[in-house]
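Chemist: Below you will find the structure I want to go over with you.
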Amino acid sequence: MPVNPEKSEKPEILLTGATGFIGKRLLYRLDEKGYRVRCLVRSSERFSLPVPLNHEPEIVSGDLLEPESLKHAMEGISTAYYLVHSMGGKSHGKHLEFEERDRKAARNFITCADNAGLRRIIYLGGLGDASDHLSHHLASRQEVGRILSSGRCETTTLRAAVIIGAGGAGFEIIRYLVERLPVMLCPRWVYTMSQPIAVENVLDYLSGCLEYPETAGQTFDIGGPEILGYADMMRIYAKTRGLKRTIAGIPFFSTTLSSYWVNLITPVPAGIVFALAEGLKNQAICRENRIREIIPIALISMDQAICNALAEETSGPGAISRQACFLSDGRKNS
Ligand SMILES: NC(=O)c1ccc[n+]([C@@H]2O[C@H](COP(=O)([O-])OP(=O)(O)OC[C@H]3O[C@@H](n4cnc5c(N)ncnc54)[C@H](OP(=O)(O)O)[C@@H]3O)[C@@H](O)[C@H]2O)c1
């Protein structure tokens, strides 16, 4: 049963990753629901509010790699969202350093959370079976989940595959490839199965965790209504945009080689492209759906999620008005 947690005038929720794809959206969702939020940011210049919130969030400077900077951020906080990863950078060679940074960041965070007496952490990580020779990125996401669960707080881990929304790294890769390449010859990863989820549904689950206390201390797989190969996702994107595209997988084309052309075609930072591309060999499908019973929400289809994302785009190819978008069954989006 949902409960309405008491909402105080002072922030009791700490949002990390508030400048990121998920974090900045979650800030609006929490504000809509009446929560007061404290945002931890490395640089306040990177933090902006395109639309004003009902309640100004409190902004604190901090870096998860500098534990001293977290003490003040956690004062008076009961629940923290952990929406941080360290992938990125412009060079391919450096991309593996993210694992060590993510390990340190999670250890610093849980130590400070325990010292500050936090009750809950809500973490968004990645889907994937540990038995499946996980990529460095997916293995690291799971390691972070284990570290965050090793303290006295009750940690909820939500595990997602690619999240469909404007500005999400996985979605932007799909968008740029389909928009720019009429013919795509891809490695076998185009046939790896995955369970994408609309960013709106991710926000439903992340914010829902506050209202459904039975989610505390649990790990849940979260996914959309369809299980699709990456080729299917690209075809749905093309159809949604009314583009004719040829997409084929060829066995001898290596994933590393494909990362180089993905890097050339898309504006996503190389450090993220190479880390994500390695994970394309791993299936990312929900192994259980317990969250659907606890937090019942309407799941958004892939074509609708793409329409929503494109209608939000303000730059780059594919930006559309909501009316110019076709759902897979030929219906116009309304
Ligand atoms: N996007 C997807 O499709 C997807 C899919 C599945 C799971 N997830 C998970 O969702 C979570 C959020 O991902 P995202 O897509 O929102 O990532 P994102 O847009 O790249 O944002 C990452 C955030 O982490 C912050 N950050 C990085 N290092 C930090 C540090 N040392 N101290 C403090 N903040 C730091 C960044 O701040 P700066 O602005 O200062 O760099 C940024 O706000 C991650 O755990 C990710 O694994 C995402």
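Chemist: Just to be sure, is Gly167 within 15 Å of the ligand (Cβ to nearest atom), open to solvent by 10 Å² or more (accessible area, probe 1.4 Å) and not hydrophobic (A, V, I, L, M, F, W, C)? It would help to see each step written out before you state the result.
Modeler: Values: within 15 Å of the ligand (Cβ to nearest atom): yes; open to solvent by 10 Å² or more (accessible area, probe 1.4 Å): yes; not hydrophobic (A, V, I, L, M, F, W, C): yes.
For Gly167, the condition - within 15 Å of the ligand (Cβ to nearest atom), open to solvent by 10 Å² or more (accessible area, probe 1.4 Å) and not hydrophobic (A, V, I, L, M, F, W, C) - is met.
Chemist: Residue pairs, Cβ under 6 Å, 6 or more apart or interchain, first in region 278-293 and under 16 Å from His137 (Cα atoms), second part of a helix (DSSP H, G or I). List them.
Modeler: Gly279/His137; Gly279/Leu138; Leu280/Trp189; Lys281/Trp189; Asn282/Leu138
Chemist: Another question, then. Scan region 251-265 residue by residue and report those that are of a type in the set (Val, Ile, Thr) and modelled with pLDDT under 85. Walk me through how you get there before you give the answer.
Modeler: First, pick out the residues of region 251-265 that are of a type in the set (Val, Ile, Thr): 255-256, 262, 265.
The answer is Thr255, Thr256.
Chemist: Among the residues that make up region 74-85, is at least one of them within 13 Å of the ligand (Cβ to nearest atom), part of a loop (DSSP other than H, G, I, E, B), among the aliphatic types (A, V, I, L, M) and in contact (Cβ under 8 Å) with a residue 24 or more places away in the chain?
Modeler: Yes.
Chemist: Could you pull out the residue among Tyr35, Tyr28 that is of a type outside the set (A, V, I, L, M, F, W, C) and buried (at least 21 other Cβ atoms within 10 Å of the Cβ)?
Modeler: Details: Tyr28 fails: buried (at least 21 other Cβ atoms within 10 Å of the Cβ).
That would be Tyr35, the only listed residue that is of a type outside the set (A, V, I, L, M, F, W, C) and buried (at least 21 other Cβ atoms within 10 Å of the Cβ).
Chemist: Looking at (1) without any contact (Cβ under 8 Å) to a residue 24 or more places away in the chain; (2) within 15 Å of the ligand (Cβ to nearest atom), which one does Arg235 not meet, given that it meets all the others?
Modeler: Looking at each condition in turn, Arg235 falls short on (2).
Chemist: Residues that are in contact with a Cys (Cβ under 7 Å, 6 or more places away or on another chain) and over 15 Å from Leu83 (Cα atoms): does region 37-46 have at least one?
Modeler: Restricting attention to region 37-46, the residues satisfying the condition of being in contact with a Cys (Cβ under 7 Å, 6 or more places away or on another chain) are none.
Checking region 37-46: not a single residue is in contact with a Cys (Cβ under 7 Å, 6 or more places away or on another chain) and over 15 Å from Leu83 (Cα atoms).
Chemist: Going by the conditions given, is Tyr35 at negative phi and within 11 Å of the ligand (Cβ to nearest atom)? Break it down stepwise before answering.
Modeler: Numbers: at negative phi: yes; within 11 Å of the ligand (Cβ to nearest atom): no.
No, not satisfied.
Chemist: Looking at region 38-50, which of its residues are open to solvent by less than 60 Å² (accessible area, probe 1.4 Å) and out of contact with any helix residue (DSSP H, G or I) (no Cβ under 6 Å at 6 or more places or on another chain)?
Modeler: Step one: list which residues in region 38-50 are open to solvent by less than 60 Å² (accessible area, probe 1.4 Å), which gives 38-41, 43, 47, 49.
Of everything in region 38-50, those that are open to solvent by less than 60 Å² (accessible area, probe 1.4 Å) and out of contact with any helix residue (DSSP H, G or I) (no Cβ under 6 Å at 6 or more places or on another chain) turn out to be Arg38, Cys39, Val41, Ser43, Phe47, Leu49.
Chemist: Any residue at all in region 16-32 that's touching a residue at least 12 places away in the same chain (Cβ under 8 Å), more than 13 Å from the ligand (Cβ to nearest atom) and part of a loop (DSSP other than H, G, I, E, B)?
Modeler: no
Chemist: Please give the number of the condition Glu200 fails out of (1) open to solvent by less than 10 Å² (accessible area, probe 1.4 Å); (2) at pLDDT 95 or above.
Modeler: The one condition Glu200 does not meet is (1).
Chemist: Looking at region 51-67, which of the residues that are in contact with a helix residue (DSSP H, G or I) (Cβ under 9 Å, 6 or more places away or on another chain) and more than 10 Å from the ligand (Cβ to nearest atom) is most open to solvent (accessible area, probe 1.4 Å)? Quick ask: steps written out before the conclusion?
Modeler: Of the residues in region 51-67, the ones in contact with a helix residue (DSSP H, G or I) (Cβ under 9 Å, 6 or more places away or on another chain) are 51, 53-55, 57, 59-67.
Still in the list and also more than 10 Å from the ligand (Cβ to nearest atom): 51, 53-55, 57, 59-60, 67.
On the way: Val51: 85, Leu53: 22, Asn54: 116, His55: 64, Pro57: 16, Ile59: 69, Val60: 8, Pro67: 56 Å².
Per the criteria, the residue is Asn54.
Chemist: While we're on this one: Residues in region 266-298 that are in a helix (DSSP H, G or I) and either at pLDDT 95 or above or surrounded by fewer than 17 Cβ atoms within 10 Å (Cβ to Cβ) (or both): how many? Break it down into steps so the answer makes sense when it comes.
Modeler: So in region 266-298, the residues in a helix (DSSP H, G or I) come out as 270-281, 290-294.
Then drop every residue that is not either at pLDDT 95 or above or surrounded by fewer than 17 Cβ atoms within 10 Å (Cβ to Cβ) (or both), which leaves 281, 290-294.
Result for region 266-298: 6.
Chemist: Quick one: in region 114-145, which of the residues that are away from the ligand (no atom under 14 Å from the Cβ) and within 19 Å of Leu64 (Cβ to Cβ) is surrounded by the most Cβ atoms within 10 Å (Cβ to Cβ)?
Modeler: Here is the first cut: in region 114-145, the residues away from the ligand (no atom under 14 Å from the Cβ) are 114-120, 129-133.
Now restrict to residues that are within 19 Å of Leu64 (Cβ to Cβ): 114-118, 120.
Working: Asp114: 14, Asn115: 14, Ala116: 19, Gly117: 13, Leu118: 23, Arg120: 21.
Filtering region 114-145 for residues that are away from the ligand (no atom under 14 Å from the Cβ) and within 19 Å of Leu64 (Cβ to Cβ), the one surrounded by the most Cβ atoms within 10 Å (Cβ to Cβ) comes out as Leu118.
Chemist: Can you tell me which residue within region 38-50, out of those that are basic (Lys, Arg) and not in a loop (DSSP other than H, G, I, E, B), is farthest from the ligand (Cβ to nearest atom)?
Modeler: Taking region 38-50 and keeping what is basic (Lys, Arg), we get 38, 42, 46.
If we keep only those that are not in a loop (DSSP other than H, G, I, E, B) as well, we get 38, 46.
Working: Arg38: 13, Arg46: 4 Å.
The extreme case among them is Arg38.
Chemist: Still on this structure, please answer the following. Based on what the data block shows, is Gly145 touching a strand residue (DSSP E or B) at 6+ places or on another chain (Cβ under 6 Å), free of Cβ contacts under 8 Å to residues at least 60 places away in the same chain and under 25 Å from Tyr28 (Cα atoms)? Outline the logic, then answer.
Modeler: Details: touching a strand residue (DSSP E or B) at 6+ places or on another chain (Cβ under 6 Å): yes; free of Cβ contacts under 8 Å to residues at least 60 places away in the same chain: no; under 25 Å from Tyr28 (Cα atoms): yes.
Here the answer is no, as Gly145 does not meet what is asked.
The values are calculated or read from the model by the stated rules, or taken from the named source; none is laboratory data. Please read these numbers as outputs of a predicted model, since none were measured by experiment. Here Cβ is always computed from backbone atoms with ideal geometry, including for glycine, and neighbour counts include all displayed protein chains. SASA here: full protein model, heavy atoms, side chains in, ligands and nucleic acids out. Shrake-Rupley method; radii C 1.70, N 1.55, O 1.52, S 1.80 Å.
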